[in-house]
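Nothing in this text is a laboratory measurement; each read-out follows from the coordinates by a stated rule. Keep in mind the model is a prediction, meaning the values are calculated, not measured. Positions of Cβ are backbone-derived with ideal geometry, glycine not excepted, and every protein chain shown enters the neighbour counts.
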Amino acid sequence: MSGINKNILRSMLIGSYIVVIGFCIFGISAIYGYLNTGADRSSILHTELKKADQYLPKTTWAPLKNEGRSMDDQTLKMIENDYLDAWYVKLVAYRSNKKRGIEDYYTNKARQNIYNAIDLNLSEGTSMESTTLEHNPTLEFFSEDGQLVVLTDHNVIEYKRIYKGEALLLETSEVSTYKVILLLEDGFWRIRHMVKQDTQEQKKETGLPVFIESKNIKGINYYPQATPWDMFGVGFNIETIAKDFSIVKEAGLNNVRIFIPYDDFGKAKVKADKLEKLKQILDVAESQELMVMITLFDFYGDYSVLDWTLNHRHAETIVSTFKNHDAILAWDIKNEPNLDFKSRDQSIVTAWLEHMLTLVKSIDPNHPATIGWSNDESAIILKDKVDFASFHYYKKIDGLTATYKRLKTQIPNKPVILTEYGISSYNGFWNFFGNSENDQAQYHEKIQGIFSDNEIPYMSWTLYDFENVPKAVVGRLPWRRNIQQKFGFISTDGTKKVSFKYISK
Amino acid sequence: MAIKHTYLSLLILLFLSSTTIVDTPNEIKCITTQKTFEAGEFIELLFSTTQNTFPGLYCSHTYGSTIITPIFKNNVLYYEIPSNIGNKAGIIHWKLLESPLYGQFTITPKTNVTTLETYIGPPSIAAGGSDFSMMVVIPTDALDNPLKDGTQVNIKHQFLSSEENNEILTEHLISYKNIYSKKETGRILITSECLNEHSKEYDINVLAAIPTNFSISAKRHHVYADGNQVTTFVTSILKDEFDNVVNDGTFVDFFITNEVGNILKTNGSTIKGIATATMIHPDHKSRWTIKAFVNGMAESNVITLDYTQVITDFDVAVSKDNNMLIIGPLQSFMKQMIPDGLQVTLSIYKENIHIYTSTKGSRLGFAHFNLKDLALKKGNYNFNIKTAGLEKTLQFTKL
């Protein structure tokens, strides 16, 4: 007995000894590691400033007619960078009421004004989430020694959300004009003086609604079978897409709805190869006489105010590249944004959509724009801003007629298009009471009847059954993934399911 | 009966509620009519209200935005604009929360100047009347606001006997004046004045413009190519086209080309317009052609110098023990021993194959090469000796 006790005591002693030694070694190595760290000396020279895209408001310089020294492009670019950075650090400072970064972009006296504003907001418990969407600077003056500029920044569009504690007090968009004096100090163009000249509430006009011939819209949501939700990735194959488009065409449909993943396309700096792939798709669609509805911002869910300018540059590049393509039917700003209402706050998502609609329509006034709401209740949000309302319907088929009629009375002047509907033919282990392929066919037969009775333009979900549905779409849960795999009209082995007969009328 | 009463009361309720809806916007009114305030003034916006709510006032100014909470007294809401907003000139945009009311007012800068923020550059300019420096003056008030556009600023400057005053009106928050040089070099003194506030004194240096072409001359102690004395080259006084002596330190390069086309280079900086440079004499007969440049700006005339050969001949001998090769005496133009340091080169060939070269400076008129240290093998050698442009060959047999 005592022998066992002794052994326990021994092992405890040895164990504690190992632990103490371990701590000592860890402590010494931590001190050694700390003493060996330090700023890289080259950082003194500001040579390694890597510029990440954080804030890219649309900036349009007026033609240069300034007084004083003539301006060169490189200096102007430097001024623009530092001036926008000055805005950015200010916006960040007001969001958190912290003073970090201000001293880099405001001179000694000017930064005091911002510190005062921060102190005031801190004491009041107010904070501000804001961004600027547009700057239109005019260079007024550039001094002979190249150390001072005066510019007038016209019609700066500022979007602000003012909070008291957690509560949102006000959401506002203003258009303001500022006169700014910047000095070149320590290699930075710093704001020395700033005077607001004018400010107005932003009139959010989306322009005249664009008419869409909706009666004949018979469409389908499309992903290639092998690469669902990754249409533009390494598996991109234009021949597969061309073949699929001819199937769609032969089935009697006349348009497809496709999705542009935000991250995959390169966020603010849209990648050229992705644009090229999209162009190929549109060209193929055009040759098949199919129209394409492009859904932007797939897999995007941030919406935070400081991210907006990046989103705008993304949309701007894509829309301006393809606004004259004959295959474009419409722009769908975002797929099912109402699903983000809970996690991201409805007001911020709606404001994001509204500004994005304004932007897309300002770039492309000739194609209609819409928002692909995931249900009929949401379809009335921003109904005055979209050119046509669109919604998705996965509820009981019997309610569709009434739902559509209600929407038509709620949105009397604009077409209402059903851009997603469908039913899964999965009835395996995870859902014994699911629908068979015959049930699916019946559903499509019946719904086509409803469409023709009520003149509902439609786009079904989807052409193919998929073998792999990414986690990001429906999550990991097998009873969700398996159902999502079986929505297609064509099964994974390429044979047409019974429902294919009812893909269009 | 009960139905009738219920119906009537419902009707009244409906009527009342509808009237309250209609009346709501009228219940809060802005009663401050003043639209313009001076920076630093006490600013308060007043709203009359019949409601018992105290909405915040959103206020957006140049540097940011905030929400102001009111003080309520006798059915009036008092919104005091915080001093950090009231101190800065610009448009202030306000919006009353929970109501459709919004509006603006302007804060103007104070009308007296506290600081004349002055920027001058470049600090030195060239004479001649085409180069200029720029003075930028931003008159600011005590609260660091630039004064309103159209404020008169007097920019005065003095140069030699002239004194000028320019009246300039501020535009885009600033005023500026280009100050041109005159033909003379010197110092321009500048000052500015605005609304009786005077700046301190600033200055701009007017330096000479780029030099014009110049001439050079050479000074030497004798004409002999003794490889020992130095020749000094001197420029004329370098001046710009307006007769101003160029700045001290203007760099002049002298290029010396000898008779075979080799180029020697020397240089000097100007002091009071004159640059000097030196070059050691050649050690053999030579003709130098010299031209000087101020790089990219001006050049001189070409001068030619001839150097006369001093050593006409020399002896070569091997010491009795065959261990030492003795060259000399090397004699200069007055038969004096040539000053130490004349280069003598010995090249040794064996059956026309070069095996060794050594160069030594002369000492006391002689050059010695220690043959013992070379440890030559037995056989016949050709010794070739070069000095002062002369060449001699000697047969040597190692036993």
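With a cut-off of 18 Å, note down the residues of the range A:175-198 whose backbone N falls inside the zone around a label point 7 Å from the Cα of A:ASN108 toward its beta carbon.
A:182-194
Grab the DSSP H runs of chain B that are 4 residues or longer, score each as -39,500 (n - 2.57), total them, divide by all residues and round the 222 nm result to the nearest 500 deg cm²/dmol. All intermediate terms of the calculation are to be shown ahead of the outcome.
Working: 2 runs with 30 residues, N = 399.
My calculation for chain B gives -2500 deg cm²/dmol from helical runs alone.
Taking 0.36 nm per residue of sequence separation and subtracting the Cα-Cα distance, how much length would be gained by fully extending the chain between A:THR401 and A:PHE341, in nm to one decimal? Spell out each step's value before the answer.
Working: separation 60, 0.36 × 60 = 21.60 nm, distance 2.66 nm.
Gain on extension, A:THR401 to A:PHE341, equals 18.9 nm.
Show me the GluC sites (Glu not before Pro) within the range B:296-399 that DSSP assigns to loop and that have at most 11 other Cβ atoms within 10 Å of their Cβ. Intermediate values should be presented prior to the final figure.
On the way: sites: B:GLU299, B:GLU351, B:GLU391; in loops: B:GLU351.
Loop-located and lightly packed - B:GLU351.
What percent does the relative contact order of chain B come to when contacts are Cα pairs within less than 8 Å and at least six residues apart?
Values: 934 pairs, mean separation 32.7, N = 399.
Normalised by residue count, the contact order of chain B is 8 percent.
Just to verify a number: FRET efficiency for A:TYR34 and A:LEU122, C-beta to C-beta distance, R0 = 30 Å, to 0.05? Walk me through the intermediate numbers first.
Numbers: r = 33 Å, r/R0 = 1.10.
Result of the calculation: an efficiency of 0.35.
Report the full-extension gain for the segment B:GLU259 to B:LYS398: residue separation times 0.36 nm, less the Cα-Cα distance, to one decimal in nm. Spell out each step's value before the answer.
Numbers: separation 139, 0.36 × 139 = 50.04 nm, distance 3.97 nm.
Full extension from B:GLU259 to B:LYS398 adds 46.1 nm.
Say R0 is 56 Å: what FRET efficiency, to the nearest 0.05, do A:GLU80 and B:LYS320 get from their beta-carbon distance? Display every interim value, and only then the final one.
Values: r = 89 Å, r/R0 = 1.59.
That gives a FRET efficiency of 0.05.
Count neighbours as other Cβ atoms within 10 Å of each site's Cβ, and list the trypsin sites (Lys or Arg not before Pro) in the range A:361-445 that are DSSP loop with at most 12 such neighbours. Don't jump to the answer; show the numbers that get you there.
Details: sites: A:LYS361, A:LYS383, A:LYS385, A:LYS395, A:LYS396, A:LYS405, A:ARG406, A:LYS408; in loops: A:LYS383, A:LYS385, A:LYS395, A:LYS396.
Sites meeting the loop and neighbour criteria: A:LYS395, A:LYS396.
Express in whole angstrom the spacing between the alpha-carbon centres of the range B:196-211 and the range B:129-195.
The range B:196-211 and the range B:129-195 have Cα centres separated by 11 Å.
Quick one: order B:VAL260, B:VAL294, A:VAL498 by neighbouring beta-carbon count within 10 Å, fewest to most. Please list the in-between numbers first.
Numbers: B:VAL260 7, B:VAL294 22, A:VAL498 17.
Ordered by Cβ neighbours within 10 Å, fewest first: B:VAL260, A:VAL498, B:VAL294.
Which distance in nm do the two modelled labels at A:GLU171 and A:ASN413 give, with both placed 7 Å along the Cα-to-Cβ direction?
Modelled inter-label distance: 2.3 nm.
Testing the spin-label approximation: label points 7 Å from Cα along Cα→Cβ at B:ARG220 and B:LYS285. State their distance in nm.
Each label point is offset 7 Å from its Cα along the Cβ direction, giving 1.4 nm.
Can you give me the relative contact order of the range B:216-309 as a percent, contacts being Cα pairs under 8 Å and 6 or more apart? Please report the intermediate quantities before stating the final value.
On the way: 230 pairs, mean separation 31.0, N = 94.
For the range B:216-309, the relative contact order is 33 percent.
If I take every Cα pair under 8 Å that is 6 or more residues apart in chain A, average their sequence separation and divide by the length, what percent do I get for the relative contact order?
On the way: 885 pairs, mean separation 57.5, N = 505.
So the answer I get is 11 percent.
What shape does the protein assembly as shown take by its C-alpha gyration tensor, where a ≥ b ≥ c are the square roots of the eigenvalues and a/c under 1.5 counts as rounded, a/b above b/c as prolate, and the rest as oblate? If you can, show how the numbers build up before the last one.
Details: a/c = 2.65, a/b = 1.72, b/c = 1.54.
Cα axes put the protein assembly as shown in the prolate bin.
According to a simple spin-label model (label point 7 Å from Cα along Cα-to-Cβ), what is the distance in nm between A:ASP263 and B:ASP306?
The modelled label-to-label distance comes out at 8.9 nm.
So how far, in whole Å, is the C-alpha centre of the range A:98-169 from the one of the range A:217-265?
Answer, in whole Å: 45.
Report the Cα centroid-to-centroid distance between the range A:283-334 and the range A:459-505 in angstrom, as an integer.
Centre-to-centre distance over Cα atoms comes out at 24 Å.
Grab the DSSP H runs of chain A that are 4 residues or longer, score each as -39,500 (n - 2.57), total them, divide by all residues and round the 222 nm result to the nearest 500 deg cm²/dmol. The partial results should precede the final answer.
Details: 13 runs with 185 residues, N = 505.
Using -39500 (n - 2.57) per qualifying helix, the result is -12000 deg cm²/dmol.
Please get the size of the charge dipole for chain A, origin at its Cα centre, with Cβ charges of +1 on Lys and Arg and -1 on Asp and Glu, quoted in debye to the nearest 20. Please list the in-between numbers first.
Working: 60 positive and 65 negative charges, 296 e Å.
My answer is approximately 1420 debye.
Of all chymotrypsin sites (Phe, Trp or Tyr not before Pro) in the range A:409-505, which ones are in loop regions per DSSP and have a Cβ with at most 11 other Cβ atoms within 10 Å?
Numbers: sites: A:TYR421, A:TYR426, A:PHE429, A:TRP430, A:PHE432, A:PHE433, A:TYR443, A:PHE451, A:TYR458, A:TRP461, A:TYR464, A:PHE466, A:TRP479, A:PHE487, A:PHE489, A:PHE500, A:TYR502; in loops: A:TYR426, A:PHE429, A:TRP430, A:PHE432, A:PHE433, A:TRP461, A:PHE466, A:PHE487, A:PHE489.
Passing both the DSSP loop test and the Cβ count: A:PHE429, A:PHE432, A:PHE433.
Assuming R0 = 25 Å, what is the FRET efficiency of A:GLU377 and A:LYS215, from their Cβ-Cβ distance, to the nearest 0.05?
Details: r = 25 Å, r/R0 = 0.99.
That pair, A:GLU377 with A:LYS215, gives E of 0.50.
With θ set to phi - 60° and the Karplus curve 6.51 cos²θ - 1.76 cosθ + 1.60, what are the ³J(HN,Hα) couplings of the range A:264-269 in order, to the nearest whole Hz, using x for Gly and Pro?
Residue by residue, the range A:264-269 yields 4, 7, x, 6, 5, 9 Hz.
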